Amino acid sequence: MSLTKVPPTTRGRDLNHVAWLYDPLIEKLSFGREQRFRAKTMTLLELKPTDRVLDVGCGTGTLTLMIADAIPGQKEIIGIDAAPKMIAIARKKAAIAESAAQFRVGIAEKLDFADNFFDITVNSMFTHHIDRELKQCFFREAWRTLKPGGRLITADIDRPTTLLAGAAGWLGRYLLLQPELEDNLRGQLPALMSSAGFVDIQRLAHLHGLISFFRARKPLGGQAGNAPCG
Ligand SMILES: C[S@@+](CC[C@H](N)C(=O)[O-])C[C@H]1O[C@@H](n2cnc3c(N)ncnc32)[C@H](O)[C@@H]1O
């Protein structure tokens with residue numbers, strides 16, 4: 001009998017098929033703005049040396065590695081992604097950088113971690129890959145696995161604030177046939193976080209008329225685990 005764990009799968013849009021293209025493409029498509037985006041995310045994380053951090057939908061691990069670099073003594077910096085090929089690239093990058101960051105194949109809607117474990121859960125350009133039901137599951141799972149008082153930091157597509165950004169966002173939704181973008185473009189992320197039990201939800205910054213950075217908190221009294229989805 002084999003004891004090999006079967007990797008979880010998602011109906012979300014994982015990027016396994018284009019993992020090899022992700023880093024070079026992001027650099028080109030962002031016209032050199034990726035650095036600014038990552039730096040902003042890092043600032044808003046307000047990391048402390050003892051923070052346990054989970055990066056959900058970590059892709060090739062660029063942000064996870066920056067986090068591990070910023071708090072070198074911390075072993076619990078973990079990136080998860082549904083795409084095994086993304087995780088393979090992230091692990092290679094970690095080995096080259098001699099980073100302590102850990103990478104695992106995993107899905108946001110069923111996080112394989114104990115209740116009340118992390119100080120911070122971050123997700124960057126991830127929620128627009130999953131439909132509304134999975135977003136609800138993800139936010140509930142983020143709530144369950146965060147410590148009371150723990151923070152959720154989300155950087156993602158939000159309601160556009162310029163005509164150009166609106167055109168780009170809605171064109172993207174239809175050209176890429178990606179209905180999962182709609183909750184984001186309609187500005188519904190804060191309501192979804194709130195219905196999962198998060199409080200103090202703030203839009204901290206907004207970039208390029210299309211991307212917002214949110215911070216939400218699990219209340220100090222929020223001990224009990226949310227029931228898992230599905
Ligand atoms: C646009 S990429 C963002 C990657 C990275 N966070 C970044 O900032 O560069 C979105 C990632 O979400 C992953 N993904 C999609 N559905 C997922 C799910 N249900 N659980 C975990 N990861 C998922 C995809 O495989 C992809 O790597």
Across (1) within 21 Å of residue 201 (Cα to Cα); (2) over 15 Å from the mean Cα position of the chain (by Cα), residue 118 clears everything bar (2)
Note on region 12-28: residues closer than 14 Å to residue 85 by Cα, more than 8 Å from the ligand (Cβ to nearest atom) and of a type outside the set (D, E, K, R) are 17, 18, 20, 21
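Could you look through region 95-143, keep only residues that are among the polar types (S, T, N, Q) and more than 25 Å from residue 221 (Cβ to Cβ), and pick out the one that is surrounded by the fewest Cβ atoms within 10 Å (Cβ to Cβ)?
102
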With the structure loaded, tell me whether residue 155 is within 16 Å of the ligand (Cβ to nearest atom), outside any loop (DSSP other than H, G, I, E, B) and buried (at least 20 other Cβ atoms within 10 Å of the Cβ) or whether it fails that test. yes
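So that you can scan it fast, the table gives a plain yes or no per residue for (1) within 8 Å of the ligand (Cβ to nearest atom); (2) touching an Asp or Glu at 6+ places or on another chain (Cβ under 8 Å):
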{"residue": "44", "(1), (2)": "no, no"}
{"residue": "53", "(1), (2)": "no, yes"}
{"residue": "68", "(1), (2)": "no, no"}
{"residue": "78", "(1), (2)": "no, yes"}
{"residue": "84", "(1), (2)": "no, no"}
{"residue": "105", "(1), (2)": "no, yes"}
{"residue": "108", "(1), (2)": "yes, yes"}
{"residue": "113", "(1), (2)": "no, no"}
Being on the phi < 0 side of the Ramachandran plot, touching a helix residue (DSSP H, G or I) at 6+ places or on another chain (Cβ under 6 Å) and not in a strand (DSSP E or B) narrows 85, 92 down to just 85
Review point. If you go through region 30-42 one residue at a time, do you hit one that is more than 10 Å from the ligand (Cβ to nearest atom) and either aliphatic (A, V, I, L, M) or crowded, with 23+ Cβ neighbours inside 10 Å (or both)?
Key: yes
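Which residue, of 62, 9, is within 11 Å of the ligand (Cβ to nearest atom), buried (at least 16 other Cβ atoms within 10 Å of the Cβ), β-branched (Val, Ile, Thr) and closer than 29 Å to residue 229 by Cβ? Outline the logic, then answer.
Values: 9 fails: buried (at least 16 other Cβ atoms within 10 Å of the Cβ).
None of the other options fit; the residue is 62.
Please verify whether region 181-197 includes one or more residues that are of a type in the set (Ser, Thr, Tyr), surrounded by fewer than 21 Cβ atoms within 10 Å (Cβ to Cβ) and not in a helix (DSSP H, G or I).
Here is the first cut: in region 181-197, the residues of a type in the set (Ser, Thr, Tyr) are 194-195.
Applying the additional criterion that residues be surrounded by fewer than 21 Cβ atoms within 10 Å (Cβ to Cβ) yields 194-195.
Add one more test, that the residue is not in a helix (DSSP H, G or I), and what stays is none.
Checked region 181-197: no residue is of a type in the set (Ser, Thr, Tyr), surrounded by fewer than 21 Cβ atoms within 10 Å (Cβ to Cβ) and not in a helix (DSSP H, G or I).
Read-outs: derived from the displayed coordinates by stated rules, not from any lab. Values in this document were obtained by computation on a predicted structure and should not be read as measured data. In this analysis, Cβ positions are derived from the backbone assuming ideal geometry, glycine residues included, and neighbour counts consider all displayed protein chains.
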